[in-house]
Amino acid sequence: MAENRTIEKKPRGKESEKKYFDKFIAMIVFSLFIGGMIGFFSMGIRDWLLRNVRIEKEVEALCDFSGWIVLGIYAAGILILSIITLCHYAKARKMSGKWDGENEAVIDVIEKKLDIALLCNSLLLIFNMLFFSLTIYASGIFELGEKVSKEKYYDVSIFPVFFGGCFIFALGLALNIIISKVIVDLEKKLNPEKQGSVFDMRFAKKWEASSDEAERQIMYKAAYAAFQAANMSCLVIWAIAVVIQLFLRTGVFPVLCICAIWLVLNVTYSRTAMKLQKYK
Amino acid sequence: MPLNNRLKEYRARLDVNQQEMGELVGASRQTISQIERGDYSPSVTLALKIAKVCEVTVEDIFTYEEDREDGRE
């Protein structure tokens, strides 16, 4: 009988907690040891490299072409990512035209193709942002004033690389917006209840509002996975930035940027959680 | 899955596709598809809406089976 049932209480599991705590402490000690070793030896390695490794000529030769090399990779990357994205979108669109509204196998493939297209489009945006900065830096435009005033000379490739980079950046952004628009339009065609325009600044909110409980659950689970991945990435990139700071004297700016992202991430998470728990 | 359902069967009785079923209960086609496949357990509200549209009780469509490991019988 239900009234007579007793609820068994599971043991608190202090042993397993102790095991995890021990592992945690061991990991912290190990990380500190590795970090300390890297920090200690990095100074010596840096001095040794400066004294013994002579690659100035090779680096100089590479630097002469670095602008063009980076520009070439930039253009090729944008082209390849755009083609992959558009191929997936085109396949999804073609299949959607033949979908009878019932066949689940077909719509599953269409949705998967659109998801891949969206992911590739995000990669296109990030690649565009990264390589725009790299190309501008590699073009040598920042040293132009110094070169002209001191050496009365400047490399003729500076302007073609700089403007080439600007052109590819604008092209990449335009492609990005167009691809986002066509993907969202197709999603809206397949799911008429969906709302929002990619040109609307409140697109994400409107899209979320027009999603139902199962779709929101997917969004929230994916967002939590992204939060965890971002937290771990911040930790790893921070460690790398600190080591590179010792080797290359990059200053505190990279570490400041990483910590700013880390701060925003965790404060936003905690604030939102507190709001949802309705703490006063 | 502990939550079994006969939504596909009841949807067939209504002679509607997943999109139309979604419109009837205020959910998306994907959600109906996920429920039918057993990949998603709907909220109480959605389960009640589905039952209302199908003109049956929630228990007619959804049945809960305890996992053997969790069962205390």
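The values are calculated or read from the model by the stated rules, or taken from the named source; none is laboratory data. Bear in mind that the values here come from a model prediction, so they are computed numbers and not experimental data. Cβ sites come from the backbone with ideal geometry, for glycine too, and all protein chains shown count toward neighbours. Quick note on the areas: whole protein, heavy atoms, side chains included, nothing else; ligands and nucleic acids left out. Shrake-Rupley method; radii C 1.70, N 1.55, O 1.52, S 1.80 Å.
Being surrounded by fewer than 17 Cβ atoms within 10 Å (Cβ to Cβ) and at the interface with another protein chain (Cβ under 9 Å from one of its Cβ atoms) is a property that holds for B:S43.
Among the residues making up region B:23-56, those that are in a loop (DSSP other than H, G, I, E, B) and either more than 27 Å from A:W99 (Cα to Cα) or touching an Asp or Glu at 6+ places or on another chain (Cβ under 9 Å) (or both) are B:G26, B:A27, B:S28, B:Y40, B:P42, B:S43, B:E55, B:V56. Take the conditions (1) open to solvent by 40 Å² or more (accessible area, probe 1.4 Å); (2) hydroxyl-bearing (S, T, Y); (3) at pLDDT 90 or above; B:T31 misses just one of them, which is (1). Looking only at region A:89-148, residues that are within 14 Å of chain B (Cβ to nearest Cβ) and open to solvent by less than 50 Å² (accessible area, probe 1.4 Å) come to 9 in all. For region A:163-172, the criterion of being under 30 Å from A:A92 (Cβ atoms), of a type in the set (V, I, T) and either at pLDDT below 85 or in a helix (DSSP H, G or I) (or both) is met by at least one residue.
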